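Here the structure is laid out as structure tokens; the discussion comes afterwards.
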Amino acid sequence: MLNKYKKNSSLRDRKSETGLFIFLFLLSILLILPVVSSAQEISDVDPVLAGGNQPFARVKVDGNIIFNVYGISSYTPEQRASTISKRIRKAASRHSINSDSVIIIDDKDHSKIYAGDQFIMNVYDADAVRDGISRETLAEFNKEKIRESIISYRLIRSRPILIKRLLTAAGSVILISILIFIMIWVFGKIDTVLQKKIKDRFDSVENMSFSLIRSSQLWGMYELLFRIFKTIILVLFVAISLEYILGLLPWTSNLASDILNLIIDPVISIGREILNYLPKLVFLIVIYFAARYFLKLSRLFFSGIKNGGIKIRNFDPDWAMPTFKIFRIFVITFAVVVAYPYIPGSGTSAFKGISVFLGVLFSLGSSSFISNLIAGYTITYRGAYKKGDYIKIADQTGFVQEQEVLVTRLVSIKNEEIVIPNSAILNSNIVNYSTKAKEEKLIIHTSVGIGYETPWRMVDAMLKLAVERTDGLLKEPPPFVLKTSLGDFAITYEINAYCNDASSLPALYSALHQNILDVFNENNVQIMTPAYISDPSAPKIVPRDQWDIPLAGK
């Protein structure tokens, strides 16, 4: 608890230090900024500004384009345009500067434009040459635009105009919200009508393609396209509405002029890239559908083998689906190899680096995975067992519930699920009780030790009688008895009987043992198993009249 408290305290201290640092940083900026602003600079560029390398940039005030400027020396057009816009807004906000006080002062190689005592910009000979006019004409044009922007800046910030535009913006928000709800409702109605009209057509396409093209796939594609179309329409409507509303207020007009471009420019860029990529995309789509439908046809072929409709000599039907899975891996691998050069970014170093990284991870972490995978297919083609067989693997016995690629699942007679990795099965002995049970019969056997004083012919007869009394054991072929050993005090007899149902082995053994006990008790023969020490004072048998003694308390 103390450590946790210390950790939380240190975390709070770090947060406090970070907050203090941010506060001091912002305070420094606020203290330094007025000093920098008070200096009358006559350069067109703020050194703190950075920008791109475009041929020209637009000087904007309240979202309105005043004129365009070019880059000079080592400064970009964006830096120059941003600085001039800032100075125009500063001059317009100073009501002591009259709009008619915008003047031009000519110099040897450039002209200076002032608004009162506020320097606005320089007009260079290079600017005029690029526009194909004289420097004086360009300076006069810029001067008039600056004067008009100052008048407009002050006009839209006047009280009557602000109140009118605020009311207009509030009404627009309400109207646009209502229109959005109406559009959503209309789209829902259109979707319902379209679904009714195209449902039968989708079903007919599935029937005509023999279920290779499913109606569920067509429905999924339709819903995706309709959702994309609806989203695009709503986003465009909201963007245009926001541009209009934000353009009503002078503080947000700059944002209004850019908000639509923020949405449209990426769409245009993506659309241009898609158009350029379209031939490769078509090739990828062709590869995808070719591989997809080839695999569907292959699955139909292997399913026919599995169901017995198609017969191949020396090919077990149980091998059909595992073989299809291997074949599918090869087809997909081949399709990926063919499509790889056409995948976007496949030639970049980042894509190659990710591919190498994933390959290394797969190599380091897949040794057991690969061994189980190979073992699974090896066991399949060995035909050691199949689903439903009663088998024994090492010390685990049960019915095969599922033979998967990586593991085999057994269900014991006590309804326990046993999961065994295929790599472990590959290195173990497998006893399959079901393979020969129905065709060549399965022999079950058990042993008893009987003393030398009992005739072996009598023991044989008693053991065969016990088999005869056991339901589920076959009379033909007849059972037989083997004398497996002559011990110091007893002879070991092994009774062998035939059955054709491996799934009932535990019940058959239990019933056989019960009948052996009954028969030997009936004939007063003592079973000497497991060992013999001396003759007891009384035979260790249960008389018939004591077989059904009731339990105490019943």
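Put in line by how crowded their Cβ is, counting other Cβ atoms within 10 Å and starting with the fewest, D471, D316, D62 read D471, D316, D62. For the stretch 468-484, 3J(HN,Hα) computed residue by residue from phi via the Karplus equation (6.51, -1.76, 1.60; θ = phi - 60°) reads 5, 7, 8, 5, x, 8, 7, 7, 10, x, x, x, 9, 10, 10, 9, 7 Hz, glycine and proline entered as x. Between I232 and D100, the contour length at 0.36 nm per residue exceeds the Cα-Cα span by 42.8 nm. Here the gap between V411 and S503, fully extended at 0.36 nm per residue and compared with their Cα-Cα distance, gives a gain of 32.0 nm. Separation of the alpha carbons by more than 24 angstrom is noted, of K386/K436; K90/K143; K325/K441, for K325/K441.
A protection proxy built from the mean count of other Cβ atoms within 10 Å ranks the segments 192-198, 338-344, 384-390, most packed first, as 384-390, 338-344, 192-198. Between V337 and Q514, residue separation times 0.36 nm minus the direct Cα-Cα distance comes to 57.1 nm.
Mind checking the dipole of the stretch 442-545: about its Cα centre, +1 per Lys or Arg Cβ, -1 per Asp or Glu Cβ, Debye to the nearest 20?
Details: 7 positive and 12 negative charges, 14 e Å.
Taking the Cα centre of the stretch 442-545 as origin, the dipole is about 60 debye.
A simple spin-label model places pseudo-atoms 7 Å from Cα toward Cβ; at I198 and V267 they are separated by 2.0 nm. Ranked by how many other Cβ atoms sit within 10 Å of their own Cβ, fewest first, the residues I84, I418 fall in the order I418, I84.
Pop the C-beta distance of I182 and R154 into the FRET formula with R0 = 45 Å and round what comes out to the nearest 0.05. Taking R0 as 45 Å, the efficiency between I182 and R154 is 0.70.
Values in this text are rule-based calculations from the coordinates and carry no lab data. From a predicted model like this one, the values you see are computed outputs, not experimental measurements. Cβ coordinates were reconstructed from backbone atoms using ideal geometry, including for glycine residues, and neighbour counts include every protein chain displayed.
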